[in-house]
Structures are given as structure tokens and as C-alpha cells.
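Let me begin by presenting the structure, written as C-alpha cells, before commenting on it.
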Amino acid sequence: TRCISGTTFANYILGIISAGIINCNIEAYSAPKNADDSAQTYYSQASTNANKGDYDTAIEQMKKAIEQTNDENALFYTKLAGLYAEKGDWNNALAAYKKAAKIRPDDAFLYISIGNILQPLKDYDNAYAAYSQALQLIPEYKYNYLNLANIEFIRKNYKSAIENYNLFLVLMSYLIML
């Protein structure tokens, strides 16, 4: 299973305008068994510095944590991407999310995050592709249809936009009835 924190869910919705930051299931993103304690220490220090608003230091600490894991920890890349996004460094955030997606290609929320960064950068083709990839992985995730609809609307593909808005509304109605 995958989860999104409440704050992240709000960021995701606002991600149509700006990049969202996601937090996923800790079990799915635990440190590799061969990661030593120093990687976890760097991760914790990065979180502490990020909470203080010191993103430059937090980014450097996350890079050190990643070095300790031989570049094999998607959580660390996701955290790094979030730090870059908080700083407004969209290109590095995008690169970090893409590295996380290479490690965990079955994680739809990484593709959503990639789309959330690309859409405000007006890279609509690649944002659409990222959201479509997420939709292939989790077809019942209603907000993917909303993301696709918004891009189609921007592109003036109104018929496709309406179809995706309708799919979103159907899924919303279904959830309300539950």
C-alpha cells in the first residue's frame, strides 16, 4: 500500500500550480539492509535542518546519505527532491525524482511528483506522460484524471479534457457513495 500525509495531499492538489512533495509507505522505502547508521544519521540531520529552513545544508546531508547507500535508496532521493522543491530548484528536484523512479519504477506517486514539477514548468507533454505512467500503475487514483484533464484543457484539447474531468467526477461520486 501507499500513503500520502495530509500536508502532502494538500501539496499534491496544489501541485497543479506548484510541485508537490510526497511521503510514501515507510516499509516500501526503508533503508537498504546494507546501509549503515551514518546514512540514517545524515537523513535525520537533513530533516532537522530542513525543518529549520536550512535547505542548503539539508541537501548536502541528503547527498551524503545517498552516497552511503550506493545510490539505491528511493526514499533518500525522494527526500532530496523535496528539499530541492522547497528551495525552488525544480530542475534538481526533477532529476532526484527521476532517480527515485529508476529505483522504484512501480511507484505511481513518484511519477505524479514528476508531473507536478513539469506541469508548472509548462512541459505539458512530459507531465502528461508522467501522469499517464502513474495512471497505468494505479488506475483508480482519481487525481490522475484531474491532472490529465487540466493538461488537456491547457492544450485546448477540450474533448479529452472533458472526458478526463468526467472520469474524475465519476470516481469522486463513487467514493462519496461509499
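The values are calculated or read from the model by the stated rules, or taken from the named source; none is laboratory data. All values reported here derive from a predicted model rather than from experimental measurement. Positions of Cβ are backbone-derived with ideal geometry, glycine not excepted, and every protein chain shown enters the neighbour counts. Quick note on the areas: whole protein, heavy atoms, side chains included, nothing else; ligands and nucleic acids left out. Shrake-Rupley method; radii C 1.70, N 1.55, O 1.52, S 1.80 Å.
Annotations for the structure displayed:
- Label zone (Phe153, point 7 Å along Cα-to-C-beta; backbone nitrogen cut-off 20 Å) within the stretch 107-121: 112-113, 115-121.
- A straight Cα-to-Cα reach below 16 Å connects Lys156 with the lysines Lys122, residues fewer than 8 places away in its own chain not being considered.
- Solvent-accessible surface of the stretch 32-100, averaged per residue with a 1.4 angstrom probe and all protein chains in place: 51 square angstrom.
- Note on Glu72 and Met172: their simple-model spin labels are 4.4 nm apart, each label 7 Å out from Cα toward Cβ.
- Across Lys79/Lys102; Lys102/Lys142; Lys63/Lys87; Lys99/Lys142; Lys52/Lys79; Lys64/Lys102, pairs whose alpha-carbon gap is larger than 22 Å: Lys102/Lys142; Lys99/Lys142
- At R0 = 35 Å, FRET efficiency that the Cβ-Cβ distance of Thr48 and Ala129 yields, to 0.05: 0.45
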